[in-house]
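Enquirer: Take this structure, written in structure tokens, and hold onto it; I'll ask about it next.
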Amino acid sequence: MSSDIKVNEYSGAKDTATFGTGCFWCSEAVFQELKGVIKVVSGYSGGHVANPTYEQVCSKTTGHAEVVEVIYDPSVISFDELLEVFWKTHDPTTLNRQGNDVGPQYRSVIFYHNPVQKQKAEQYKEALDKSGAWTNPIVTSVEPFKNFYPAENYHQDYYRLNGQAPYCYYVIRPKLEKFEKVFKNKLKGH
């Protein structure tokens, strides 16, 4: 009997990326669809309050951003590919805002876990800024990962469990449909 039996469809290798693109419900719905993504957890990162609640984060005093922790198999999807999705699925030029969601908890941020992630995130940001892809300058911050606190259970798998709720239907669904067209070849089941 082989000792290297796989317990899932992935190679067994795992890495972590942490992104803030505004509301974590939208981010979670997008990243969950990608081949090679093992798990996506909505949560809070970058602040100074341990184990914050949603209400505390919404008070704008914790320093935390709403983020997703993306656990992925780097043999199936690379950090570079995750960065491409990150940049193309939100507006990185609006400071502390995504659509109607306003406040520092909705900032565009990449929390890097190692020097390679930092280098790639900064290079991608610089190249995009120079390309003129957006009229306004990119305000996304690239910060060292220092903490992650999972959000309350009712925030996890939010779109999948609440797809007919007004926010899901009018905000997340159109974003997800656009994402699925652009990244069709990277989606699970394709």
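Enquirer: Is the range 9-23 home to any residue that is modelled with pLDDT under 95, of a type in the set (A, V, I, L, M, F, W, C) and either surrounded by 19 or more Cβ atoms within 10 Å (Cβ to Cβ) or closer than 19 Å to Val182 by Cβ (or both)?
Expert: Yes, the range 9-23 has at least one match.
Enquirer: Taking Val49, is it surrounded by fewer than 23 Cβ atoms within 10 Å (Cβ to Cβ), free of Cβ contacts under 8 Å to residues at least 40 places away in the same chain and not small (Gly, Ala, Ser)?
Expert: yes
Enquirer: Considering every residue within the range 86-97, establish whether at least one is closer than 12 Å to Phe19 by Cβ, in contact with a helix residue (DSSP H, G or I) (Cβ under 7 Å, 6 or more places away or on another chain), crowded, with 16+ Cβ neighbours inside 10 Å and in contact (Cβ under 8 Å) with a residue 60 or more places away in the chain.
Expert: Yes, the range 86-97 contains at least one residue that is closer than 12 Å to Phe19 by Cβ, in contact with a helix residue (DSSP H, G or I) (Cβ under 7 Å, 6 or more places away or on another chain), crowded, with 16+ Cβ neighbours inside 10 Å and in contact (Cβ under 8 Å) with a residue 60 or more places away in the chain.
Enquirer: Considering only residues that are surrounded by 23 or more Cβ atoms within 10 Å (Cβ to Cβ) and not hydrophobic (A, V, I, L, M, F, W, C), which ones fall in the range 24-41?
Expert: Ser27, Glu28
Enquirer: Now for a different question. Please work out which residue is modelled with the lowest pLDDT, limiting yourself to the range 93-126 and to residues that are farther than 10 Å from Thr140 by Cβ and of a type in the set (Lys, Arg).
Expert: Arg97
Enquirer: Does the range 122-166 hold any residues that are surrounded by 11 or more Cβ atoms within 10 Å (Cβ to Cβ), part of a helix (DSSP H, G or I) and charged (D, E, K, R), and which are they?
Expert: Glu122, Lys125, Glu126, Asp129, Arg160
The values are calculated or read from the model by the stated rules, or taken from the named source; none is laboratory data. Keep in mind the model is a prediction, meaning the values are calculated, not measured. As a convention, Cβ positions derive from the backbone with ideal geometry for all residues, glycine included, and neighbour counts pool all protein chains shown.
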